[in-house]
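Chemist: Structure in structure tokens, see below.
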Amino acid sequence: MRRPIVAANWKMHKTLGEADTYFRRLMTLVPEVPEVDLVICPPYTALHAAQRALAGRPIYLGAQSARPEREGAFTGEISLAQVKELGATHVICGHSERRALFGEDDQLVARKVWSSMEHGLVPILCVGETLEQRESGNAWSVVEGQIAAALGELELSDPASLVVAYEPIWAIGTGVSAQPTDAQEMAARARRWLVARFGTIGQQVRVQYGGSVNRDNAASFLGCDDVDGALVGGASLDPDNFWKIAQAAVG
Ligand code: PGA
């Protein structure tokens with residue numbers, strides 16, 4: 001049995017005050033022992049406050065990105081060691097917005113994934129195709145290429161140390177989600193790849209779906225056999241919505 005994992009990607013949203021209000025509300029909703037792993041990925045500016053606000057609660061913190069280098073001349077960037085110090089346990093790697101807007105290529109994404117694991121952080125590896133690639137029948141070959149580039153050389157001994165998020169780019173932030181059957185098909189293909197590469201450990205790696213997940217459609221994705229959770233953007237900005245989505249993961 002794979003334990004569901006539902007992650008909130010706040011992107012560039014919320015001041016410290018807004019984050020504080022969010023955490024106060026979320027803590028009234030989440031029970032002492034939730035049946036789902038919850039990960040909040042706030043902006044870097046709110047990570048430390050989140051760590052304090054959520055201390056002792058079964059809610060993980062993630063960074064939306066981080067550089068793999070230990071330190072150096074990377075103006076405006078932040079390292080994996082630094083986000084770990086702020087309380088992060090997870091790191092989103094290769095989100096399509098980072099790939100498209102900040103020029104992150106497969107090689108850098110791979111280094112982020114490997115380096116995250118070396119730091120004891122769980123990478124959430126994002127993969128997904130554009131609408132054009134889907135319509136030309138190349139969705140899986142694109143996604144397979146992204147997965148292979150990031151994970152092909154990886155040693156994996158603990159399935160809990162990696163999460164893969166299938167996020168079709170055309171469904172992110174558009175309000176147009178994929179069909180659950182598409183999400184299931186791609187998640188199943190990703191899992192077959194993971195099993196071929198890592199054996200039985202691959203069977204236990206969790207695969208999320210992301211792209212316009214909301215409280216109304218969450219159950220249709222989270223009910224799919226190979227979809228073990230969701231990576232949620234817009235709908236995660238409201239704690240009640242986020243918790244409703246998380247509840248859909250446990251049926
Ligand atoms: P969305 O974003 O839920 O707003 O579509 C998902 C993501 O970017 O991970």
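Chemist: Quick check on the range 7-20. Is at least one of its residues closer than 24 Å to Val250 by Cβ and β-branched (Val, Ile, Thr)? Please lay out each step first, then the result.
Modeler: Quick first cut of the range 7-20, residues closer than 24 Å to Val250 by Cβ only: 7-10.
Narrowing further to those that are β-branched (Val, Ile, Thr): none.
No, there is no match, as no residue in the range 7-20 is closer than 24 Å to Val250 by Cβ and β-branched (Val, Ile, Thr).
Chemist: Looking at Asp20 and the list (1) in contact with a helix residue (DSSP H, G or I) (Cβ under 7 Å, 6 or more places away or on another chain); (2) surrounded by 19 or more Cβ atoms within 10 Å (Cβ to Cβ), which single condition is not satisfied?
Modeler: The number of the failed condition is (2).
Chemist: Further, regarding this structure: Pairs, please: C-beta under 6 Å, at least 6 apart or cross-chain, first residue among the hydrophobic types (A, V, I, L, M, F, W, C) and in the range 123-147, second modelled with pLDDT under 95?
Modeler: Leu131/Trp170
Chemist: Taking the stated definitions as given, is Val33 open to solvent by less than 10 Å² (accessible area, probe 1.4 Å) and touching a residue at least 24 places away in the same chain (Cβ under 8 Å)?
Modeler: Numbers: open to solvent by less than 10 Å² (accessible area, probe 1.4 Å): no; touching a residue at least 24 places away in the same chain (Cβ under 8 Å): yes.
Judged against the criteria, Val33 is not a match.
Chemist: Could you please find all residues in the range 59-73 being in a loop (DSSP other than H, G, I, E, B), open to solvent by 70 Å² or more (accessible area, probe 1.4 Å) and over 13 Å from Arg111 (Cβ atoms)? Steps first, answer last, please.
Modeler: Just the residues of the range 59-73 that are in a loop (DSSP other than H, G, I, E, B), to begin with: 59, 64-66, 68-73.
Of the ones still in play, those that are also open to solvent by 70 Å² or more (accessible area, probe 1.4 Å) are 70-71, 73.
Result: Glu71, Ala73.
Chemist: Any residue at all in the range 7-16 that is in a loop (DSSP other than H, G, I, E, B) and among the basic types (Lys, Arg)? Full working, then the answer.
Modeler: Here is the first cut: in the range 7-16, the residues in a loop (DSSP other than H, G, I, E, B) are 10-15.
Those left that are additionally among the basic types (Lys, Arg): 11, 14.
There is at least one residue in the range 7-16 that is in a loop (DSSP other than H, G, I, E, B) and among the basic types (Lys, Arg).
Table: residues versus (1) modelled with pLDDT of 95 or more; (2) open to solvent by 20 Å² or more (accessible area, probe 1.4 Å); (3) not small (Gly, Ala, Ser).
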position: Ala100; (1), (2), (3): yes, yes, no
position: Glu104; (1), (2), (3): yes, no, yes
position: Ala110; (1), (2), (3): yes, no, no
position: Val113; (1), (2), (3): yes, no, yes
position: Ser116; (1), (2), (3): yes, no, no
position: Leu121; (1), (2), (3): yes, no, yes
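Chemist: Something else now. Does Val164 satisfy being within 30 Å of His13 (Cβ to Cβ), touching a Leu at 6+ places or on another chain (Cβ under 7 Å) and among the hydrophobic types (A, V, I, L, M, F, W, C)? Give the derivation first.
Modeler: Numbers: within 30 Å of His13 (Cβ to Cβ): yes; touching a Leu at 6+ places or on another chain (Cβ under 7 Å): yes; among the hydrophobic types (A, V, I, L, M, F, W, C): yes.
Yes: the conditions hold for Val164.
Chemist: If you take the residues of the range 156-176 that are open to solvent by 30 Å² or more (accessible area, probe 1.4 Å) and not in a helix (DSSP H, G or I), which of them is nearest to Thr89 (Cα to Cα)?
Modeler: Selected residue: Asp158.
Chemist: Restricting the range 123-155 to residues that are open to solvent by less than 20 Å² (accessible area, probe 1.4 Å) and outside any helix (DSSP H, G or I), which is farthest from Asp37 (Cα to Cα)? So that I can check it myself, show each step before the final result.
Modeler: Here is the first cut: in the range 123-155, the residues open to solvent by less than 20 Å² (accessible area, probe 1.4 Å) are 123-129, 139, 143, 147, 150-151, 154.
Next, from what is left, pick out any that are outside any helix (DSSP H, G or I): 123-129, 154.
Working: Pro123: 14, Ile124: 13, Leu125: 16, Cys126: 18, Val127: 21, Gly128: 23, Glu129: 26, Leu154: 24 Å.
Only one residue fits best here, namely Glu129.
Chemist: Among the candidates Ser65, Ser136, which residue alone is closer than 23 Å to Gly211 by Cβ and within 16 Å of the chain's Cα centre (by Cα)?
Modeler: Details: Ser136 fails: within 16 Å of the chain's Cα centre (by Cα).
On inspection, the qualifying residue turns out to be Ser65.
Chemist: Another one. Restricting the range 74-107 to residues that are part of a helix (DSSP H, G or I) and more than 16 Å from the ligand (Cβ to nearest atom), which is farthest from Ile169 (Cα to Cα)? Spell out the reasoning first.
Modeler: Of the residues in the range 74-107, the ones part of a helix (DSSP H, G or I) are 80-85, 96-101, 106-107.
Keeping just the survivors that are more than 16 Å from the ligand (Cβ to nearest atom) gives 80-85, 106-107.
Numbers: Leu80: 25, Ala81: 29, Gln82: 29, Val83: 26, Lys84: 28, Glu85: 31, Asp106: 16, Gln107: 19 Å.
By that ranking, first place goes to Glu85.
Chemist: Here is a follow-up. For Val113, only one of the following conditions fails: (1) under 13 Å from the mean Cα position of the chain (by Cα); (2) farther than 18 Å from Val6 by Cβ; (3) within 14 Å of the ligand (Cβ to nearest atom). What is its number?
Modeler: Of the numbered conditions (1) under 13 Å from the mean Cα position of the chain (by Cα); (2) farther than 18 Å from Val6 by Cβ; (3) within 14 Å of the ligand (Cβ to nearest atom), the odd one out for Val113 is (3).
Chemist: Suppose we filter the range 199-223 for residues that are in a loop (DSSP other than H, G, I, E, B) and either within 10 Å of the ligand (Cβ to nearest atom) or open to solvent by less than 20 Å² (accessible area, probe 1.4 Å) (or both); how many remain?
Modeler: Filtering the range 199-223 down to residues in a loop (DSSP other than H, G, I, E, B) leaves 199, 205, 211-217, 223.
Next, from what is left, pick out any that are either within 10 Å of the ligand (Cβ to nearest atom) or open to solvent by less than 20 Å² (accessible area, probe 1.4 Å) (or both): 205, 211-214.
Here the count works out to 5.
The values are calculated or read from the model by the stated rules, or taken from the named source; none is laboratory data. Since the model is a prediction, treat every value here as computed from it, not as a measurement. Positions of Cβ are generated from backbone atoms using ideal geometry, with glycine treated the same way; all protein chains shown enter the neighbour counts. With ligands, DNA and RNA removed, areas are computed over all heavy atoms of the protein, side chains included. Shrake-Rupley method; radii C 1.70, N 1.55, O 1.52, S 1.80 Å.
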